[in-house]
Structures are given as structure tokens and as C-alpha cells.
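Trainee: Okay, here's the structure, questions in a sec.
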Amino acid sequence: MAASKQALRTRIKSVNSTRKITKAMEMIANAKLVKQRNAMEANRQYAQRLQDTVDEIVANNPGVECTYLEPKTSDAKVTIIFCSDLGLCGGYNQNVVKLAREKLDKKDPVILVGTSLYRQLKEEGFNLINGYPISSDRMTFLELKDLVDDGINMYRDNKVGTVELLYTRFVNTMSFVPEIDQLLPCSLAPTEVKEKTSDYVETLFEPDAQTILDQLIPMMIHDVVYADWMESTTAEQGSRRVAMKTA
């Protein structure tokens, strides 16, 4: 009987200790979630303005020739995948793996950003072309830009016909959905040219549409990837907060 009581006290003490740890981790995840969400929303205006500018140029210059708008002959795809560095974030990482299994050809090249899935994807036979794990938490814009440029160069050299991104979309603080975003060739849907009414102001671009698009589209792609990375890290912290609250 005494032993049973002692075991019960030990169990209660262990549960209380676990509760304190998960509560602290929930508070940390919530603080990071707020910070990441603010940064994500602040970047949206710039990203949207860049997208609108590219759309306007394409809409007003039908038939413009641009490397990033023309499909390639290669059937291969290179995919940039975002995952977390740490665990204890619910189904965040495994949802990414599930979508990768469903949509990707394991022979196609993959650039993985995040350390937690590196060994798993390697063991499952995915063609990871980064020879070492790349930390997601310590990622900077310039480092991310270099990784994206690797994919862009593979596209320009016709080694791959598609550059895409697998990330987790932040819906709200309770919902996070893994998605694939095609980066190249640009799937821009040219909008109709605005009707030239009295309040219409046409934007003039120099030197010409092709030169501008050749420089502007890579900038847009870099920002789209950065925005999706921020969305993924926001979803990660949201998923971790929910997991710790549930625990």
C-alpha cells in the first residue's frame, strides 16, 4: 500500500513537472508566433506591389518574350521544401512529408530548408541536392536567395522544366495547410489592360518590357519564396503552440 502511494505521488509530481514544461513551451511558441506573424503581414504589401507591377507589364505588353515566361523542354522539377529545425510541433513536418510523397518524383532534385526531415527524406530516397542540413531558424534573406538562384540557374540551363516550392500556408492560428507553389515558369495570368478613363494613370517603364521582366521576375521570385518561408515559420510556431496547449 505504501509503495502504491509513493508511486502515485511520483506520478503526480511527474505530470505537474511536464505541465510546467509544456506551458512554458506554449508561451515561447506564442511569443514567436506573434513576432513571425507581424513580420509576415508587413512583407505582404511589398510582395503584392511587386506582383502587381509584373502583372501590369505583362498585361500591357502581350507577346513579350521572357526566359521566365517560356516553358522548357525538360520534364524534371526542382522543389524547395520548408520544414522545421525542431520537433514538438504537432503534424507540421509530417504533413509536409505526406504531400512530398504524393506530389514529388523522388528522382527529381530537392532543396530542403530545415533540419528535422533531412535524414527521413534521405532514407526514403529523395534526391536532396544540398549535401548537408540547412537550418531554417537561422535562415537569412541572402542565404535563401542563393538557394533560389540555384533553382533558377537549373531552369535557365534547361536542367529542369519547373521550379516549385513546398511550404505550409498559415490560414489562422489553428489551421495550417501544406501547399506547392510553382515559381517557374511564371504562371502569371495576364490581367486585362485597365480602361483608360480620366483617372487612369499609365505607368511608363524603361528601357523595354523584356529587359525589365528579365530583372524583375527573379526579384519577385526571391520575395515570393521569402514570404512563403515566413508563412511556413509562422505556421510552425502556431502548430507548436497548439501541440503544447494540447499536451
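The values are calculated or read from the model by the stated rules, or taken from the named source; none is laboratory data. Just so you know, these numbers come straight off a predicted model, no measurement behind them. Neighbour counts are summed over all protein chains in view; Cβ atoms, including those assigned to glycine, are modelled from backbone coordinates with ideal geometry. Side chains included, ligands, DNA and RNA excluded: accessible areas come from the protein's heavy atoms. Shrake-Rupley method; radii C 1.70, N 1.55, O 1.52, S 1.80 Å.
Trainee: What are the residues whose amide H is under 5 Å from the amide H of Ile80, where those residues sit 5 or more places off or on another chain and H is modelled from the backbone?
Mentor: Ile111, Glu164, Leu165, Leu166
Trainee: Let me ask you something else. Taking square-rooted eigenvalues a ≥ b ≥ c of the alpha carbon gyration tensor, is the stretch 80-145 rounded, prolate or oblate, where a/c under 1.5 means rounded and, failing that, a/b exceeding b/c means prolate? Before the final figure, lay out the partial values.
Mentor: Values: a/c = 1.75, a/b = 1.15, b/c = 1.52.
It comes out oblate by the Cα gyration axes.
Trainee: Of Lys122, Lys72, Lys13, which has the most accessible area with a 1.4 Å probe, and how do the rest follow in descending order? Mind showing how you got there, number by number?
Mentor: On the way: Lys122 100, Lys72 60, Lys13 155 Å².
Solvent-accessible surface, decreasing: Lys13, Lys122, Lys72.
Trainee: Can you tell me the FRET efficiency between Leu204 and Arg49 if r is taken as the Cβ-Cβ distance and R0 is 22 Å, rounded to the nearest 0.05?
Mentor: Working: r = 17 Å, r/R0 = 0.77.
Calculated transfer efficiency: 0.85.
Trainee: Right, something else. Counting other Cβ atoms within 10 Å of each Cβ, which chymotrypsin sites (Phe, Trp or Tyr not before Pro) in the stretch 85-145 have at most 11 and sit in a DSSP loop?
Mentor: Sites meeting the loop and neighbour criteria: none at all.
Trainee: Using the C-alpha atoms of the stretch 48-105, what convex hull volume per residue, in cubic angstrom, is computed? Numbers along the way, then the final one.
Mentor: Details: hull volume 8.8 nm³, N = 58.
Per residue, the Cα convex hull of the stretch 48-105 comes to 152 Å³.
Trainee: What are the extents of the Cα atoms of the stretch 61-185 along their three principal axes, listed from largest to smallest and rounded to whole Å?
Mentor: Principal extents (Cα only, largest first): 49, 33, 30 Å.
Trainee: Among the listed pairs Lys103/Lys245; Lys77/Lys245; Lys106/Lys245; Lys72/Lys103, give every one whose C-alpha distance is greater than 27 Å.
Mentor: Checking Cα-Cα distances, Lys103/Lys245; Lys77/Lys245; Lys106/Lys245 exceed 27 Å.
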